[in-house]
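Let me begin by presenting the structure, written as structure tokens, before commenting on it.
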Amino acid sequence: MNEHEYVRHFTALVELEREEQMRLHEEEMQRLSGREREEKGRAFMRMKGKSQGLGLGGKHLVRFRKQNKGKDNETLPDSEIEVGVLVLISKPGTSPWDEDNPTGTVAEKTSYSITVAFDDAPPVFVFRKDLRIDLFVNDITFQRMIEALKNFRRLPSVKKAKLLGNATPAFDKLREPEPETGFFNAKLNNSQREAVLRCLAARDFFLIHGPPGTGKTIACIEIIAQLVEHEREQKRNSKILAAADSNVAVDNLVERLDEIGVEVVRIGHPARVIPSLRRRSLDYLVQAVPEYIKAQELRKKANAIKERMKAFSVPEMRWRRGLSDETIMQLASEGKTTRGIPREKIAGMRNWLDLKHGTDKLFSDARALEERAVKMIIHDAEVICATNSTVGSEILKGERFDFAVIDEATQSTEPSSLISVLKAKRFIMAGDHKQLPPTILNDEAARGNLSKSLFERLLELHGAKIRAMLDVQYRMNEEIAEFPSKEFYGGKLKADASVKGHNLLDLLPEPNLGLKPEDAKPFLFVDTGGSEGYRERTRAGSTSKENAGEAELVVAIAERLLSLGVKPEDIAVISPYVDQIARIKKEFRVEGLEIKTVDGFQGREKEVVIVSFVRSNKSGEVGFLRDLRRLNVSITRAKRKLVLIGDSRTLESEGCYKRLIELAKARGGYKKLAQ
């Protein structure tokens, strides 16, 4: 498509998705009670707030806990309300949609409380009892995507042609660093080194294809370190942007760059930055800049004057009676009155206006000083780190970068990635298009390929010349890695010697006399055989699935692992279906043991992973399990032991699952339950 079709196409898709997300959210908030929202993990009820003073960036912090009913600390229920999300606070007896209800960002979460950061002082009711806190949505990211699409039109023609596949990306000659000294990370394997060199030679863009556990973020860090060192040697101050779609991925970049001594600045809401990295955040760093310190002094002075203003008459309509500020000032200076306004009222309004002009000047000067301080921090940074959405914020509006490195790029929609891409002359994207794409809620937007990442589209357009694949993984035992390597990565994925043979036995205390042969198997498929006790079901009013038999089996397997001495924090239970996760959580709660959907566990890893596939029916219908990227994510999270639970009769209707089960049988990792 040409540039006009491209912009029109994606703008329409973004609008569809924005409207769908807002519609579904508002519909649920109106349809469900607060208690029902809490059961779904999207609200907290019976909360009470307590001020925690000011935090970074002058945010007002309020800590909310459950109202105690004879309990010292009531645990919060499982919830999607996590650090960094937007929440809406409402008081009892009102609709959450009342205009006085404030929104804030979750800055901290414990088992017993959440702390919310408000940009402005919240209304006093947030410190009362019986509050409701709802997960809220914000369409600012959608607005920034649409702005990026508008900016696409302003790109140079050559750059647009390359992004649209109408011209070929260019490369410089590969440089060859000395084997021992040319790389900052001496542990890089050959495929990582090749990827780094090819990225540095790219004059337009390059893709790092990183299958699970292959260290694509480590390769990104090496690229950034090479670029920073080159700029230091040239005594230049080139700008480098490191971005990703999620705050977790950005924080990972910040942490690794900080460890190797790069001057990195993390931009974003302080509440969305993990505490250990807040010293690298813009809001923290700016506090030491003299201009910022002066700005806070001016603000303090202005607020003191605002207190004095309370003693004088506010020039509101009933006293102003149509008079302009200039007329009031003139009348007061001449000691005159008009329109029946008492002389002392005119004098009082003049005093108020004098003070108001003074505070306006002080606040204006403070803002100018703060902006200057922020620009100084950004100018002196070697690397700026932010989410794609934040890259499109006002704070970086005028900034341009020489190089952008975008991690987890296959989890971003194309318009989201475009926000960062358009800020840089050259860019690198790292990701894995064989894993799950971004979730799209609107069916029409999904059919229009909004779920396809820019990474995947560029790979289809330009092929292997712009891609390097990392081929050594540092996560999985070789038996766990064998199937995904063959099925999704052309058999090229190899296990590093450090993980090749590690297994569950390494985690168990010595001696352990209760071991069964299946306990030691790194890869095990437990076949329920489609018996009646393991049939799937759909709850009334739900579109998800659950399987009571599989849930009980998950609990039994997890309890056995715990009894052998495996630590709860080393185990994860995952399933493709939300209702199955909810069922397992009701039946099984162990502090530290994670129970999440497959989609929610992408990018994560654990020593032991138990997967419940759920689907079991006579028609062989596997539903969205047919998306094999979800299977790939499911079977590549475990390091030492992977237990898969499913009905072979149902799953084998899809050839990939059939091959998975056949391999389990061939490797002695198959167990059929007694009927």
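The values are calculated or read from the model by the stated rules, or taken from the named source; none is laboratory data. Everything numeric here is computed off the predicted structure, so don't read it as measured data. Positions of Cβ are generated from backbone atoms using ideal geometry, with glycine treated the same way; all protein chains shown enter the neighbour counts. Protein only, heavy atoms only, side chains kept; ligands, DNA and RNA dropped before computing areas. Shrake-Rupley method; radii C 1.70, N 1.55, O 1.52, S 1.80 Å.
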Original post:
Could you say which residue among ALA311, ALA332 is modelled with pLDDT under 85 and over 30 Å from ARG279 (Cα atoms)?
Top reply: ALA311
**OP:** Return the pairs, sorted by first residue and then second, in which the second residue is in a helix (DSSP H, G or I) and open to solvent by 40 Å² or more (accessible area, probe 1.4 Å), the first residue lies in region 128-144 and is of a type in the set (Phe, Trp, Tyr), the beta carbons are less than 7 Å apart, and the residues are 6+ apart or on different chains.
**Re:** PHE142/ARG18
Original post:
Which residues, taken from region 34-47, are assigned to a strand (DSSP E or B) and either of a type in the set (Lys, Arg) or open to solvent by 10 Å² or more (accessible area, probe 1.4 Å) (or both)?
Top reply: MET45, ARG46
Subject >> Total residues in region 369-379, condition open to solvent by 40 Å² or more (accessible area, probe 1.4 Å) and either among the β-branched types (Val, Ile, Thr) or touching a residue at least 12 places away in the same chain (Cβ under 8 Å) (or both) >> reply: 3
**OP:** Go through the residues of region 627-639 one by one and say whether even a single one is among the small types (Gly, Ala, Ser), open to solvent by less than 50 Å² (accessible area, probe 1.4 Å) and closer than 25 Å to LYS500 by Cβ.
**Re:** yes
Original post:
Out of (1) part of a helix (DSSP H, G or I); (2) open to solvent by 50 Å² or more (accessible area, probe 1.4 Å), what's the single condition that is false for LYS336?
Top reply: (1)
Subject >> Tally, over region 1-33, of residues that are more than 17 Å from LEU454 (Cβ to Cβ) and crowded, with 19+ Cβ neighbours inside 10 Å >> reply: 3
Original post:
Are any of the residues in region 185-192 of a type in the set (D, E, K, R), over 24 Å from ARG426 (Cα atoms) and within 24 Å of the chain's Cα centre (by Cα)?
Top reply: no
**OP:** Pull up region 545-564, narrow it to residues that are touching a Phe, Trp or Tyr at 6+ places or on another chain (Cβ under 7 Å) and over 15 Å from ILE595 (Cβ atoms), then point me to the one that is surrounded by the fewest Cβ atoms within 10 Å (Cβ to Cβ).
**Re:** GLY549
Subject >> Qualifying positions in region 656-666 - open to solvent by 30 Å² or more (accessible area, probe 1.4 Å) and either modelled with pLDDT under 95 or more than 20 Å from ASN503 (Cα to Cα) (or both) >> reply: LYS658, ARG659, GLU662
**OP:** Give THR410, THR359 a once-over and let me know the one that is under 30 Å from ARG630 (Cβ atoms), part of a helix (DSSP H, G or I) and open to solvent by less than 30 Å² (accessible area, probe 1.4 Å).
**Re:** THR410
Original post:
When you look at LEU298, is it within 30 Å of VAL87 (Cβ to Cβ) and open to solvent by less than 40 Å² (accessible area, probe 1.4 Å), yes or no?
Top reply: no
Original post:
If GLY514 satisfies every condition in (1) over 17 Å from LYS606 (Cα atoms); (2) modelled with pLDDT of 95 or more but one, which is the exception?
Top reply: (2)
Subject >> Checking LEU461 against (1) farther than 25 Å from VAL598 by Cβ; (2) touching a strand residue (DSSP E or B) at 6+ places or on another chain (Cβ under 8 Å); (3) touching a residue at least 60 places away in the same chain (Cβ under 8 Å); (4) open to solvent by 40 Å² or more (accessible area, probe 1.4 Å), the condition it does not meet >> reply: (2)
Original post:
Which one is farthest from LYS310 (Cα to Cα), of the residues in region 339-350 that are in a helix (DSSP H, G or I) and open to solvent by 70 Å² or more (accessible area, probe 1.4 Å)?
Top reply: ARG343
**OP:** Take the residues in region 213-238 that are open to solvent by less than 30 Å² (accessible area, probe 1.4 Å) and assigned to a loop (DSSP other than H, G, I, E, B), then tell me which one is farthest from ARG193 (Cα to Cα).
**Re:** SER238
Original post:
Hey, GLY261 hits all of (1) surrounded by 13 or more Cβ atoms within 10 Å (Cβ to Cβ); (2) at pLDDT 90 or above; (3) not in a helix (DSSP H, G or I) but one; which does it fall short on?
Top reply: (1)
Subject >> Hits in region 604-617 - residues which are in contact (Cβ under 8 Å) with a residue 40 or more places away in the chain and open to solvent by 50 Å² or more (accessible area, probe 1.4 Å) >> reply: GLU605
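Yes/no per residue for (1) open to solvent by 70 Å² or more (accessible area, probe 1.4 Å); (2) more than 29 Å from GLY392 (Cα to Cα):
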| residue | (1), (2) |
| --- | --- |
| VAL289 | no, no |
| ARG308 | yes, yes |
| ALA311 | yes, yes |
| ARG320 | no, yes |
| LEU323 | no, yes |
| ILE328 | no, yes |
| LEU331 | no, yes |
| TRP352 | no, yes |
| PHE363 | no, no |
Original post:
Can you name the condition, by its number, that SER191 falls short on among (1) in a loop (DSSP other than H, G, I, E, B); (2) closer than 25 Å to PHE488 by Cα?
Top reply: (1)
**OP:** Report, ordered by the first and then the second residue, all pairs with beta carbons closer than 7 Å, sequence separation of six or more or different chains, a first member in region 577-602 that is closer than 21 Å to GLU559 by Cβ, and a second member that is open to solvent by 10 Å² or more (accessible area, probe 1.4 Å) and of a type in the set (Asp, Glu).
**Re:** LYS585/ASP78; GLY592/GLU569
**OP:** Could you tell me whether ARG372 is of a type in the set (Lys, Arg), in contact with a helix residue (DSSP H, G or I) (Cβ under 6 Å, 6 or more places away or on another chain) and under 30 Å from GLU394 (Cβ atoms)?
**Re:** yes
**OP:** Select, from PRO77, PRO96, PRO122, the only residue that is buried (at least 19 other Cβ atoms within 10 Å of the Cβ), in contact with a helix residue (DSSP H, G or I) (Cβ under 9 Å, 6 or more places away or on another chain) and part of a loop (DSSP other than H, G, I, E, B).
**Re:** PRO96
